[in-house]
Amino acid sequence: MPTGGYDQRGDPERFEAVEHALEANGYAYNVFDRGILFSLYTRDHDGLIVELTAEKFDIPDERKGEVLATTQRIREAAGAESAETEHMRAALEELGIEVTEYDLPDAASGAAGM
């Protein structure tokens, strides 16, 4: 089975449109809630896995590093295995950044085959 990958950050506003386009064109895919972002996995015509991600929150580009580092610190202090939505929300609030969460579809967390 071929392996490899390409990670492309997607526009959260278009996330569901991408799902519908994949369905309409007969592509299998999986969507997962990764805590601080959403991931959509599919395969290209050569069988390579393609991951499209959409961030859950509107974060100013110039503050993303700071937000991620703060989210990580909060996650570690909570003893959590991975960063979750509430960790990022708390980081944004701590940093005084307006919390604007994108309206993304419900998704499972974890892994599954395509």
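The values are calculated or read from the model by the stated rules, or taken from the named source; none is laboratory data. As the structure is a computational prediction, the values presented were derived from the model and not from experiment. Note that each Cβ is placed from the backbone with ideal geometry, even for glycine, and that neighbours are counted across all protein chains shown.
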(request) Could you grab me the full set of residues in the stretch 31-40 that are surrounded by 19 or more Cβ atoms within 10 Å (Cβ to Cβ) and not in a loop (DSSP other than H, G, I, E, B)? (result) Val31, Leu37, Phe38, Leu40
(message) Give all pairs with beta carbons closer than 7 Å in which a residue from the stretch 69-88 that is free of Cβ contacts under 8 Å to residues at least 60 places away in the same chain and of a type in the set (Asp, Glu) meets a residue that is part of a loop (DSSP other than H, G, I, E, B) and surrounded by 12 or more Cβ atoms within 10 Å (Cβ to Cβ); count only pairs at least 6 apart in sequence or on separate chains.
(response) Glu84/Gly35
(message) Here is a check on your reading of the model: is Thr70 surrounded by 10 or more Cβ atoms within 10 Å (Cβ to Cβ), of a type outside the set (Phe, Trp, Tyr), touching a Lys or Arg at 6+ places or on another chain (Cβ under 6 Å) and on the phi < 0 side of the Ramachandran plot?
(response) no
(request) Give the number of residues within the stretch 11-48 that are touching a residue at least 60 places away in the same chain (Cβ under 8 Å) and more than 30 Å from Glu93 (Cα to Cα). (result) 7
(message) If the requirement is being in contact with a Lys or Arg (Cβ under 8 Å, 6 or more places away or on another chain), among the small types (Gly, Ala, Ser) and in the same structural domain as Pro12 (by TED's automatic domain parsing), which of these qualifies: Ala83, Ala28?
(response) Ala28
(message) I want to confirm something. Restricting to the stretch 50-93 and keeping residues that are in a helix (DSSP H, G or I) and basic (Lys, Arg), which single residue is farthest from Pro12 (Cα to Cα)?
(response) Arg73
(request) Scan the stretch 38-57 and give yes if some residue there is within 17 Å of Glu101 (Cβ to Cβ) and modelled with pLDDT of 90 or more, otherwise no. (result) yes
(message) Can you go through Gly47, Gly65 and tell me which one is closer than 20 Å to Glu23 by Cβ and not polar (S, T, N, Q)?
(response) Gly47
(request) Determine whether Glu84 is closer than 24 Å to Glu16 by Cβ, buried (at least 19 other Cβ atoms within 10 Å of the Cβ) and among the acidic types (Asp, Glu). (result) yes
(message) Take the conditions of a type outside the set (Asp, Glu), in a loop (DSSP other than H, G, I, E, B), on the phi > 0 side of the Ramachandran plot and buried (at least 18 other Cβ atoms within 10 Å of the Cβ) and apply them to Gly47. Does it pass?
(response) no
